[in-house]
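Colleague: Here's a structure for you.
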């Protein structure tokens, strides 16, 4: 239908996954692919999994700014989207997969990321209450991070339903390594990560304020949470174990029902049958989030576990879902809830 | 368009991948899903990655035999397809992902698998010389195994072009664990395989006669080859390192050109640019085979390396590719050459 | 020095690791190796990593009962140690790596495991307050499970020091697959687990009462905790993320100091320098536990993370450490705090 | 007994494994640990698996040159050992884990590595015919590479026994990622390698001339071989599938017997029982090589498969084995043939 999409940061993992999805999208053509440090390289040198891009070469970001794309995806490291976005024409639709425009509070942004705040855009998590319409009406979308998507979609229903206290939420989320990006670092070498599990940035991860913002919006009051990310030996996938102090009258059935009610009709959030718990592997390559919850009487906590593909629903899939909404296309166009297994 | 496909052995890994592909196929509806030992179970209990099959339940194979499907896929352990196939109506199109109907020579079948030969069907590797038309004209297709696909597509062009001797071919092929199936065996436990590499069935693997048959057909004379399979710690993917004794006048450019000529226009076999070697990870979830070759002057051998997804082009993808041909659909319908990475 | 040790359940993962350690122990000779379902098999068929046991054959458990071993290790599935233990002579020293004798409360045992309680033995975690002397004075030791070791050693110091409330403790512990044992199950196949993260037995895992018992002993009052185990794609290793509600006056330095004070002089528990968090990979093959903690002001929680090798300090290493104490040997004999990396 | 060993390149994977082994060696004390780019860093920041080195700090290589160590291990990238070695006193014993002094032929060295040849030292593979005595009599040892150890120990016995032709040998060897070292490269990121198998440097790998040199020495005539390395998703371990054209009269029993005769009494090379094939996982953390061979009648090839730990017998273990021989210690001191499994 004539929509051309350009991508900045197309050589990274989020950018690469987006290219794969765009290749399968019936209504979007792939325009300029920008990647500053890889500018001039064949795209298939970086993404040999995308042979249909044989012949394409990465451009630099300036070329993207000057292009006439209808839709631009920014898949840049945090701190870099702001300047690029500022140079883009008003009318073009933009989805930022990075962090720069996610936080409404400049002070929170400065604490989490340092530097100047680039401003706040519509937060692109369609399954949060009221979000879908806001996204459809926007031309600038800040697509959420992978940990916030897993954590927020797990806890939002039990907060919204008043099943847990808004303070003392806990999230321990194990993530595959692609969440850490494609830059060469010793601690991300295969030799280091393959037989390892490690906690990192305990209590200081930059995604905590984003989770708190999303959940505070749902709860109607500020929430507090501890957030512990764990690096796990798989390329893709997040499993988030979330909990909150149960309020009186909660039991397992109530928790399960709150999840089911919240996500009835959602194409990409699937509440599993009672007794079955999410598996990251079941979401590989797709845009699905799997969730399950229960009430733990011994500790008095509601526990909700979610799984997703950090590059899918946690990044590129969600960005495309938002783009579909902005373009007035069916939300699921070019996306699937099916994962690749085993 | 009204084609309904049923699947026998739908609870296995090959069957599961086929279901995923069929869910994305625009012209095929999913009919009966049979799985004897899992009959009665919800499909999503076995394949939680396929939430769109929520509500579907496995039937037994008898139900499949009695169904009115237009197309039947048999994804059964070897030795089981023959009986099921014999019970099916003449007119229905059948693709067997198993080994039962692959070998033309009953004696070879008996040596490799034991038991009685179920007969020989059209061999379903469209990229072999002359195969595409034979497949389109058949109602019974024996889809090749994963190792034979990787090995044959690597060596066929250099044999056909007369670049290597037909005897003393060698194949060392490392495979992910899903090739060994979904049955509970101690030697396939994650704890056993995750940090391991092991050779098995050295010189005795049942896929050797199938490779020899395919390559002998191409060479026009009987070939001989050594075949060593290696179990490697990844769920999916095969990397086959193949070689043959070079005939006079061969050099790297000649080898590369033979590969390019053989696969020009093929949608799913991609010859990489010189200097780039196949990666199994680049084929994950897709139907592509990546190949590259060279001439090694020191040993006097032509070396060709291929990579594919053993459940994709090595099983379900290839079966669907054949089905498309049988149905008169574009060969690539519901299939992709793109892989999921990282 | 003439101590002969026999092992029941020597074909399992815990048993196998114990054999490896015993082969390197200067004061213990390896006696009867019993393994009921593998009785008659060469030991190296099951444990090809132990070539120095070439020529040894598994016996059955009856042979072990009748042997004259000075020391017996029981590495059996839960529910099987009780009967074997009852048949052993009074004088022989016994270390049970299984769960049968860990819980003091028969009702708790019945709820967690079902069946009849085999009785309670001295709990073999030498680093808990007062435990070392009790172990040295015992002839029957119940060696703790892998999750309880990781969880208890993380939380005991902050409970003992009065830094956290005894209720509403949380543990999310990711474990390698060997913790699930060596029996053939589809959900433990390499194909299933290799790219997966999954929560299981949420709120119902049989190790929770054991953790609660150990921590209640330390706290002096009953504790309550939620416990969520996560299966992660590595053969060995546990990373436990533990937390409790901080009491007034707690800060990061206080937490760190409590850990350091608790484990000063301990050969196998290492408190990392501030800023460094435990990695499971750093403990592979050794008997070390790495711990680190902090205070998270936003949530008001103390967070302590621990890592260990579930077959080392989480099973066989700890059992041998206890045996050393029972035998009056230096506690570290035949054990190491060093891990294999990468 | 007063031997102090210093290590250059102690921050790498080979250096780190050597430190682990030296910590367990009863007759060697650890002296200066040099690591130029990590000089000044705590050793446990780089090797958190070695807590007993808490308090030690990396020095620079100049400090090592000036130290009074009795024994020096060089674990440096190729091209760097020569200069360091030239600065060391004559009397000190030196084992080079790198490639600089392995090749006798300067032209071969220049072709494989470029730059000037640093000279040729005694080749440190004790199990090759005549090598043990040469090593014991030397003060300068070039410890072999990981691929050459696996390949040479597989093929040497069948060449020495005249079972295969010396030309047209083939080796396809899959290796874990630690063989590629600890420098930060995108292609070695966990995200890239974890679900991948890839061939690289096909026909051009720098280890081929080293294998050819070792095997030509055994065969008494120049050998020719093709060598294809494959990067596999495990941190450690090599599985080498090697073959040669069988000479008349060879059968499986003859092959097996040649292996057994060659390695009878060897503490670290284990010929498996017929029917059992080597597993890389069975050698993890140890100094063992497992080998098995057969005759493949269809192709007329002898096939020998070997497995080892590339950082153990393929690097640090072998270096220490040579050091023991040089020092007149029992060859197995501080080493083990047992591996860590699973």
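The values are calculated or read from the model by the stated rules, or taken from the named source; none is laboratory data. Every value quoted in this text rests on a predicted model; they were computed, and no experiment measured them. Neighbour counts run over all protein chains shown; Cβ positions are idealised from the backbone, glycine included.
Colleague: Report whether or not residue A:285 is buried (at least 23 other Cβ atoms within 10 Å of the Cβ), at pLDDT 95 or above, facing another protein chain (nearest Cβ under 7 Å) and under 16 Å from the mean Cα position of the chain (by Cα).
Modeller: yes
Colleague: Sticking with this structure for a sec: Out of the stretch A:127-146, which residues are over 16 Å from residue A:216 (Cα atoms) and not in a loop (DSSP other than H, G, I, E, B)?
Modeller: Selection gives A:132, A:133, A:134, A:135, A:136, A:140, A:141, A:142, A:146.
Colleague: While we're on this one: Might you check whether a residue that is within 25 Å of residue D:111 (Cβ to Cβ) and assigned by TED's automatic domain parsing to the domain that holds residue B:182 occurs anywhere in the stretch B:222-242?
Modeller: Within the stretch B:222-242, one or more residues are within 25 Å of residue D:111 (Cβ to Cβ) and assigned by TED's automatic domain parsing to the domain that holds residue B:182.
Colleague: Would you mind stating whether residue B:317 is assigned to a loop (DSSP other than H, G, I, E, B) and either farther than 29 Å from residue D:293 by Cα or modelled with pLDDT of 95 or more (or both)?
Modeller: When the stated conditions are applied, residue B:317 does not pass them.
Colleague: If residue B:241 meets every condition in (1) in contact (Cβ under 8 Å) with a residue 40 or more places away in the chain; (2) surrounded by fewer than 22 Cβ atoms within 10 Å (Cβ to Cβ); (3) touching a helix residue (DSSP H, G or I) at 6+ places or on another chain (Cβ under 9 Å) apart from one, which number is that one?
Modeller: Every condition holds for residue B:241 apart from (2).
Colleague: Moving to a separate point now. With the condition kept exactly as written, say whether any residue in the stretch C:160-175 is touching a strand residue (DSSP E or B) at 6+ places or on another chain (Cβ under 9 Å), under 18 Å from residue C:99 (Cα atoms) and buried (at least 24 other Cβ atoms within 10 Å of the Cβ).
Modeller: The answer is yes, given that some residue of the stretch C:160-175 is touching a strand residue (DSSP E or B) at 6+ places or on another chain (Cβ under 9 Å), under 18 Å from residue C:99 (Cα atoms) and buried (at least 24 other Cβ atoms within 10 Å of the Cβ).
Colleague: Of everything in the stretch B:178-192 that's away from chain D (no Cβ under 11 Å) and in contact with a helix residue (DSSP H, G or I) (Cβ under 6 Å, 6 or more places away or on another chain), which residue is surrounded by the most Cβ atoms within 10 Å (Cβ to Cβ)?
Modeller: Within the stretch B:178-192, the match that is surrounded by the most Cβ atoms within 10 Å (Cβ to Cβ) is B:178.
Colleague: Same structure, new question: Which count do you get for residues in the stretch A:231-240 that are over 15 Å from residue A:149 (Cβ atoms) and within 17 Å of the chain's Cα centre (by Cα)?
Modeller: 2
Colleague: Starting from the stretch C:13-26, keep only residues that are modelled with pLDDT of 95 or more, then list their pairs with residues that are part of a helix (DSSP H, G or I) and crowded, with 24+ Cβ neighbours inside 10 Å whose Cβ atoms are within a distance under 6 Å, requiring at least 6 positions of separation or different chains.
Modeller: C:13/C:178; C:14/C:315; C:14/C:316; C:17/C:316; C:18/C:316; C:21/C:316; C:21/C:320
Colleague: How about the stretch B:314-342: which of its residues are within 22 Å of residue A:19 (Cα to Cα), more than 9 Å from every other protein chain (Cβ to nearest Cβ) and surrounded by 22 or more Cβ atoms within 10 Å (Cβ to Cβ)?
Modeller: Within the stretch B:314-342, B:317, B:335 meet the criteria.
Colleague: Can you pull out every residue in the stretch A:197-214 that is in contact with a helix residue (DSSP H, G or I) (Cβ under 6 Å, 6 or more places away or on another chain) and more than 24 Å from residue C:278 (Cα to Cα)?
Modeller: If the condition is that a residue be in contact with a helix residue (DSSP H, G or I) (Cβ under 6 Å, 6 or more places away or on another chain) and more than 24 Å from residue C:278 (Cα to Cα), then A:209, A:210, A:211, A:214 are the ones that fit.
Colleague: Continuing with this model, one more query. For the stretch A:109-147, which positions are under 17 Å from residue A:75 (Cα atoms) and either touching a helix residue (DSSP H, G or I) at 6+ places or on another chain (Cβ under 6 Å) or crowded, with 24+ Cβ neighbours inside 10 Å (or both)?
Modeller: Selection gives A:118, A:122, A:123, A:124, A:125, A:141, A:142, A:143, A:144, A:145, A:146, A:147.
Colleague: Hey, another quick one. Against the definition (touching a residue at least 40 places away in the same chain (Cβ under 8 Å), closer than 18 Å to residue D:128 by Cα and more than 21 Å from the chain's Cα centre (by Cα)), how does residue D:269 come out, yes or no?
Modeller: no
Colleague: Let me ask you something else. Checking residue B:166 against (1) over 28 Å from residue B:249 (Cβ atoms); (2) assigned to a loop (DSSP other than H, G, I, E, B); (3) in contact with a helix residue (DSSP H, G or I) (Cβ under 9 Å, 6 or more places away or on another chain), only one condition comes out false. Which one?
Modeller: Among (1) over 28 Å from residue B:249 (Cβ atoms); (2) assigned to a loop (DSSP other than H, G, I, E, B); (3) in contact with a helix residue (DSSP H, G or I) (Cβ under 9 Å, 6 or more places away or on another chain), the lone unmet condition for residue B:166 is (1).
Colleague: Still on this structure: Applying the selection to the stretch B:299-313, what residues are assigned to a loop (DSSP other than H, G, I, E, B) and either more than 11 Å from every other protein chain (Cβ to nearest Cβ) or in contact with a strand residue (DSSP E or B) (Cβ under 7 Å, 6 or more places away or on another chain) (or both)?
Modeller: Of everything in the stretch B:299-313, those that are assigned to a loop (DSSP other than H, G, I, E, B) and either more than 11 Å from every other protein chain (Cβ to nearest Cβ) or in contact with a strand residue (DSSP E or B) (Cβ under 7 Å, 6 or more places away or on another chain) (or both) turn out to be B:299, B:300, B:310.
Colleague: Please work out if residue C:79 is in contact with a helix residue (DSSP H, G or I) (Cβ under 9 Å, 6 or more places away or on another chain), at pLDDT below 95 and closer than 30 Å to residue B:193 by Cα.
Modeller: Against the criterion (in contact with a helix residue (DSSP H, G or I) (Cβ under 9 Å, 6 or more places away or on another chain), at pLDDT below 95 and closer than 30 Å to residue B:193 by Cα), residue C:79 qualifies.
Colleague: Is it the case that the stretch A:25-42 has a residue that's within 23 Å of residue A:318 (Cα to Cα), surrounded by fewer than 23 Cβ atoms within 10 Å (Cβ to Cβ) and within 11 Å of chain B (Cβ to nearest Cβ)?
Modeller: yes
Colleague: Return a yes/no flag: does the stretch B:125-147 have any residue that is within 24 Å of residue D:198 (Cα to Cα) and within 14 Å of chain D (Cβ to nearest Cβ).
Modeller: So far as the stretch B:125-147 goes, yes, one or more of its residues are within 24 Å of residue D:198 (Cα to Cα) and within 14 Å of chain D (Cβ to nearest Cβ).
Colleague: The conditions are (1) under 28 Å from residue A:16 (Cα atoms); (2) more than 8 Å from chain C (Cβ to nearest Cβ); (3) in contact (Cβ under 8 Å) with a residue 60 or more places away in the chain, and residue A:165 fails exactly one of them. Which is it?
Modeller: The failed condition is (1).
Colleague: Go through (1) touching a helix residue (DSSP H, G or I) at 6+ places or on another chain (Cβ under 9 Å); (2) closer than 20 Å to residue B:317 by Cβ for residue B:265 and report which single condition fails.
Modeller: Here residue B:265 meets the rest and fails (1).
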